[in-house]
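Notes to accompany the following structure.
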Amino acid sequence: MRAPMSDTPPATPSPTRTKTPRAGGSALIFALCAVLLLNLPRARAQWREHSANSERGRPFWMQPVYPALVEQLDAALPNASKVILFSDRVARDHQHRVFGLQFHAVPRSVHDVTKLAAALAALRAGAPVLVDLSDEERSVRAALQLAEATGARVLHEPSHHARLLVPAEPGA
Amino acid sequence: MISGDAYVLCVSLAGWLCGRALSRGRLGALESWALGTAASLGLLTLAAFVLALVGWGLPGPLLQLALLAGGIQLARVLARPRAGQERTSSRRTSSGRESTARESTEREPTEATSPRWPWLVVLPSLALAVLMAGDWGQREPAGNWDGMANWTTQARHLARSAGDPGEGLRARVVGHADYPLMLPLAIALGWQWTGDETQHVPRLLAVLFVLLLAAASLGSFARVAGSRSACFASAALLAAPALQLAARGQIADLPLAVLTLLAGTRLVASLQASARGDADPLPATLTGFLIGLLPWMKNEGMLLALCLALAALPAVIGRLKSHAPLLGRLLLGALLPLALVRHFKHAWAPPDRMLEQLKPAMRNFVPDPERWRIALDGVAREFVPLEFGYGLQGLLQGPWIERWGGLGALCLVALLLGVLRRPRAAQGVPLLATFGWLAALCLVYVLTIADDPQWHVDTSLWRLLLQMLPFTLFGALAAWSREAPPVMLRDSIRPPDNTSPEAP
């Protein structure tokens with residue numbers, strides 16, 4: 001028979017043994033069936049929620065993004081080729097595609113403007129900055145404080161909480 | 001769209017052909033397809049990376065087809081039985097002493113003629129997961145962060161770079177630019193077919209990986225537990241809320257789970273084949289290649305590869321001499337992907353913040369009991385109910401049930417009990433890999449440099465657990481399966497070498 005801790009399989013397993021499932025194995029399969037029965041309705045509910053959300057329309061970050069802001073930016077800085085985006089939803093890849101925006105990470109735990117030193121630096125270097133944090137109040141507050149610190153103009157997307165900051169002295 | 005389909009179909013076809021070269025058994029067909037497709041995709045992206053390195057840019061569709069055809073031909077040549085092997089096998093089977101492989105080939109018709117209805121059990125779970133992964137709806141068309149959005153952002157840098165693609169990646173200022181390139185390159189290669197950067201390519205790839213998970217789990221589970229049990233187990237796996245969530249977000253952890261399952265099951269099979277004295281070099285080299293692909297898929301893959309390697313140590317260490325050829329082949333197979341991952345990390349990827357700050361993190365964070373509490377509590381909550389004080393309702397709350405539906409807990413307990421009851425070294429690999437992975441995750445979360453470790457645990461731990469879960473389930477099924485040893489992929493065409501001195 002097999003020795004403990006040996007990985008050598010038995011040379012001739014008997015046919016009866018190969019056909020008889022172990023009791024533990026059957027219990028495991030029954031348990032898996034129970035898990036399946038428990039999870040299938042959950043999976044179906046997830047799918048329903050998913051499709052319902054899809055039908056309800058696009059979430060805000062998938063809506064046509066900042067059309068008014070883009071127009072205003074074109075008017076204010078016709079030669080701007082990129083915008084520094086400060087967002088905690090950096091997955092907005094489509095924005096990158098549409099605008100050629102350069103993304104900047106903002107840590108999730110940013111709750112005050114001091115963490116936006118990079119945005120401040122970008123503005124001082126003359127780059128337009130889009131502040132689009134998920135929380136409306138936080139976004140607006142951050143944008144206003146940044147504008148106050150740098151003298152930037154604040155452009156407002158009427159349908160959105162995002163604020164675009166145009167530096168007082170645009171860079172190249 | 002049609003070209004995107006053609007790309008994914010070509011990769012799948014290549015996988016099927018490679019799988020045919022590896023196995024001619026019906027039971028292994030699904031697993032072989034998954035194995036061949038994952039290996040083809042890995043090989044294709046590695047080749048594309050090499051071409052980009054030497055300045056040739058990304059290969060176009062014709063060159064990709066040529067590379068795939070070359071890979072298939074290589075697999076066929078390597079898989080061809082050596083001269084005299086078939087004669088040897090017929091002599092062995094005609095002898096009075098029947099081999100294990102003979103048993104397995106005799107089992108195959110039994111499995112094939114088993115009732116067909118269990119296959120239907122898989123369909124609802126699979127359909128839901130496929131729909132989730134390939135949803136063409138408006139919600140999150142670019143996929144979740146850490147998912148398709150990240151793959152496509154990186155792929156875009158690769159596809160658009162006329163000169164040095166590494167320069168574009170280094171210039172990325174946000175978001176996992178240090179992630180390895182298997183998925184981004186797979187997407188960028190698909191875009192070479194479509195001519196534009198359509199989202200259909202990453203979506204089809206996400207669907208492909210859900211199908212690969214179903215195929216790999218069905219095939220590998222059936223090898224150790226029979227087709228009926230495999231159907232129930234695969235269905236339970238695919239219906240797990242966490243897996244559905246991963247499919248819905250098209251996150252890269254699901255493809256990594258597929259690779260881990262394939263690499264882990266192949267490692268177990270290679271160890272068993274080596275213990276029998278099977279000198280076939282191809283399966284072991286392929287196993288090494290799959291293990292090497294883990295870090296090529298995602299950063300956590302390096303840790304997964306280490307866990308698999310360490311888990312195999314007890315099985316190897318006692319019989320180092322007889323397992324030496326196996327080790328050599330594993331290393332040979334892993335050499336190319338590991339070398340290219342290393343080059344990517346050094347030449348293209350921005351420095352890893354966590355690795356850079358590892359020393360101060362170890363000094364400051366490891367002695368911090370609060371960090372250990374957060375990590376251990378987070379891991380424990382994924383497996384056991386810790387919401388006390390609300391009676392039965394409290395027991396049925398928390399991630400262990402809401403995220404896993406109890407599947408994680410069941411797998412862990414079944415694996416532990418099964419292996420304790422039947423401590424065979426090769427079957428200890430899933431157990432050691434699983435618990436090694438859990439220990440590694442605890443350490444990672446203690447050392448995390450995220451500002452808020454609790455947030456890090458809450459948002460990412462389940463995805464990392466998902467990477468190992470299919471292999472854990474395989475281990476549980478293997479530990480509680482029938483006494484007959486698992487069927488090797490190529491057993492149906494090549495019986496083990498019972499005439500070797502080590503054979504009993």
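The values are calculated or read from the model by the stated rules, or taken from the named source; none is laboratory data. Bear in mind the structure is a predicted one, so any value in this text is a computation, not a measurement. Every residue, glycine among them, receives a Cβ derived from its backbone with ideal geometry; neighbour counts consider all protein chains shown. Quick note on the areas: whole protein, heavy atoms, side chains included, nothing else; ligands and nucleic acids left out. Shrake-Rupley method; radii C 1.70, N 1.55, O 1.52, S 1.80 Å.
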- Task: Could you list which residues have their amide H under 5 Å from that of A:Arg163, counting only those 5 or more apart in sequence or on another chain, with H placed in the peptide plane?
- Result: A:Val131
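For the interface of A with B, what's the total buried accessible surface in square angstrom, probe 1.4 angstrom, rounded to the nearest hundred?
Working: alone 11810 and 21530 Å², together 27690 Å².
Interface between A and B: roughly 5600 Å².
If B:Arg160, A:Arg124 are ordered by their accessible area, calculated over protein heavy atoms with a 1.4 Å probe, which sequence runs from highest to lowest?
Numbers: B:Arg160 125, A:Arg124 160 Å².
So, going from the largest accessible area down, we get A:Arg124, B:Arg160.
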- Item | Karplus-derived 3J(HN,Hα), 6.51/-1.76/1.60, for each residue of the range B:397-408, Hz, glycine and proline x | 10, x, x, 4, 9, 6, 9, 10, x, x, 5, x
- Note on the structure: Sorted by accessible surface (1.4 Å probe, heavy atoms of the protein chains only), largest first, B:Arg363, B:Arg403 come out as B:Arg363, B:Arg403
- Item | Rounded accessible area of B:Leu53 (nearest 10 Å², 1.4 Å probe) | 70 Å²
- The ³J(HN,Hα) series, computed from each phi in the range B:307-316 with the Karplus coefficients 6.51, -1.76 and 1.60 at θ = phi - 60°, rounded to the nearest Hz and given as x for glycine or proline, is 4, 4, 5, 5, 5, 7, 4, x, 6, 8
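Would you mind giving the mean number of other chain beta-carbons within 10 Å of the Cβ of each residue in B:229-238, as a whole number? Please list the in-between numbers first.
On the way: counts 6, 1, 2, 8, 6, 2, 6, 11, 4, 4.
Mean partner-chain Cβ count within 10 Å for B:229-238: 5.
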- Mind ordering B:298-310, B:365-377 by average Cβ neighbours within 10 Å, highest first? B:298-310, B:365-377
- Note on the structure: Distance in Å, no decimals, from the C-alpha centre of the range B:279-346 to the one of the range B:440-480 is 21 Å
- Query: Say each of B:Leu62 and A:Ala75 gets a label point 7 Å from the Cα, pointing the same way as Cα to Cβ; how far apart are those two points in nm?
  - Reply: 5.2 nm
- Counting only the backbone N, which residues of the range B:396-410 are under 14 Å from the spot 7 Å out from the Cα of A:Glu49 toward its beta-carbon? B:398-399, B:401-405
